[in-house]
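The values are calculated or read from the model by the stated rules, or taken from the named source; none is laboratory data. What you see is a predicted model; the values in this text were computed from it and never measured. Cβ placement follows ideal geometry from the backbone for every residue including glycine, while neighbour counts extend to all protein chains displayed. The protein model used for the area step is the full one, side chains on, heavy atoms only, and it has no ligands, DNA or RNA in it. Shrake-Rupley method; radii C 1.70, N 1.55, O 1.52, S 1.80 Å.
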Amino acid sequence: MDYNSIFSARIDDLKVEGRYRTFANLERIVGQFPKALYHDPERGTREVTVWCSNDYLGMGQNPVVLNAMKEAIDRSGAGAGGTRNISGTTRYHVELEESVADLHNKEAALVFSSGYVANEGALSTLAKLLPNCIIFSDALNHASMIHGMQSSRQEKQIYRHNDVEHLEELLRAADPNRPKIIAFESVYSMEGDICPMKEIVELAEKYNALTYLDEVHAVGLYGARGAGVAEERGLMARIDIIEGTFGKGFGLMGGYIAGTRNVVDAVRSYAPGFIFTTALPPALLAGARASVEHLKVSGIERMRQRRNVKHLKDLLTAADMPFMQGESHIVPLVVGEATCCKMVTDLLLDQYDIYVQPINYPTVPRGTERLRLTATAAHSLEQVEHMASVLTQLWHENHVFQYAVA
């Protein structure tokens, strides 16, 4: 059997469908984000503007963060030296977990190597530990949450996206004596919308279900101290488990959960993805803590980002561009066809030095392919206006989207 040809054929399938993913070789420039150097294999190195970064507040470039990381590596070296259980727990872990617990006003927190691992490990473990548990999952939950639910091998019921009436219908039909978890996100990153959190919390209380809230695209950005949408809406105390990341609004890497001491300790003690993973290094943890602590007291970054997002949305609305009108900071511009979506992003990069990654199936359903635009706190108003102008020209004058629209 020619194994190589089988794999080659599957890759060719992706290319024919317009879904083959290529990585842009980018080099971020300290102090100049969202500018970056693009190492183009054909045209050499050139400067581009990044319009799809999750570093929403530019904290990956903030001197407070960089200095904390430098001090940690000078003090403690590069690696943690092992798993959390075997010599890998450092003072930096402890201090960061205390900082995150304080951020969300919870008894305890637990740091993971990524937000994906946090979701998979926490959801799978919690559901396994609850006998005969049912998980009620929003239809558009992230792949990491779906992975955790599947790993738990417990019953899962999917409710239509942000549809609280459908959720209640499922809850009402379930055995009232069975343990229940409602798993949902605050900000849905591919739709740009925000969940009806108050209504979901009220249903959880009515039907005695635990709430598991993914705030990865909200922490740092929403709330008076950057604790997320739950803080902004005054609901944080009514959420049982909050999951977040340091890889987006906080500008670094890693994930976490926060909740009661018993919930966090149960996940710490039973989740394989936590137990058997080498601990994060001191420099990264120190940087994450510096970012969390900075954003607890600084609203400048959030203010700038919201200004830029509003300006971008206003310009696209005035130009009658087909973007999804969600409440959040994420602006999905729908193209609707995979090959066209890739063509548009290639054009932006090759002719305008603008980098946006096309979002195709399976990340989003077929026929809804899109550009996921993120105006960060670091973008200037001039950069926002230039981006809107280029997109408007491509849409209305050059008709590069016509294949998708047709």
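Things to note:
- Pairs with Cβ under 8 Å, 6+ apart, first in the stretch 327-349 and farther than 29 Å from ALA218 by Cβ, second of a type in the set (A, V, I, L, M, F, W, C) and assigned to a helix (DSSP H, G or I): GLU337/ALA404; CYS340/ALA404; LEU347/LEU394
- Of residues in the stretch 61-95 being in contact with a Phe, Trp or Tyr (Cβ under 8 Å, 6 or more places away or on another chain) and within 19 Å of GLY247 (Cα to Cα), the one least open to solvent (accessible area, probe 1.4 Å): ALA72
- Cβ-Cβ under 7 Å pairs, at least 6 apart or on other chains, the stretch 152-165 side without any contact (Cβ under 8 Å) to a residue 60 or more places away in the chain and closer than 13 Å to ILE181 by Cβ, far side surrounded by 17 or more Cβ atoms within 10 Å (Cβ to Cβ) and aromatic (Phe, Trp, Tyr): GLN157/PHE136; TYR159/PHE136
- When ALA218, ALA204 are checked against the criterion of being buried (at least 17 other Cβ atoms within 10 Å of the Cβ), of a type in the set (A, V, I, L, M, F, W, C) and within 25 Å of HIS294 (Cα to Cα), ALA218 stands alone in meeting it.
- Those helices (runs of 4 or more DSSP H) of the stretch 301-406 in which 3 or more residues are at pLDDT below 95 and either in contact with a strand residue (DSSP E or B) (Cβ under 6 Å, 6 or more places away or on another chain) or crowded, with 22+ Cβ neighbours inside 10 Å (or both) occupy 338-352.
- Scan the stretch 95-116 for residues that are among the acidic types (Asp, Glu) and over 24 Å from PRO272 (Cβ atoms) and the total you get is 3.
- Each residue in the stretch 1-45 was checked for being under 21 Å from ILE359 (Cα atoms) and among the hydrophobic types (A, V, I, L, M, F, W, C), and 7 of them qualify.
- In this structure, SER144 does not qualify as under 14 Å from ILE242 (Cβ atoms), modelled with pLDDT of 95 or more and hydroxyl-bearing (Ser, Thr, Tyr).
- Residue list for the stretch 9-63, filter: outside any strand (DSSP E or B) and small (Gly, Ala, Ser): ALA9, GLY18, ALA24, GLY31, SER53, GLY58, GLY60
- Restricting ALA109, ALA72, ALA68 to those that are touching a residue at least 12 places away in the same chain (Cβ under 8 Å), within 23 Å of the chain's Cα centre (by Cα) and over 30 Å from GLU382 (Cβ atoms) reduces the list to ALA109.
- Residue match in the stretch 196-206 (condition: within 24 Å of PHE246 (Cβ to Cβ) and touching a strand residue (DSSP E or B) at 6+ places or on another chain (Cβ under 8 Å)): yes
- Looking across the stretch 52-75, the residues that are small (Gly, Ala, Ser) and either modelled with pLDDT under 95 or touching a strand residue (DSSP E or B) at 6+ places or on another chain (Cβ under 8 Å) (or both) come down to SER53, GLY60.
- Of all the residues in the stretch 1-51, those that are at pLDDT 90 or above, among the basic types (Lys, Arg) and open to solvent by 40 Å² or more (accessible area, probe 1.4 Å) number 3.
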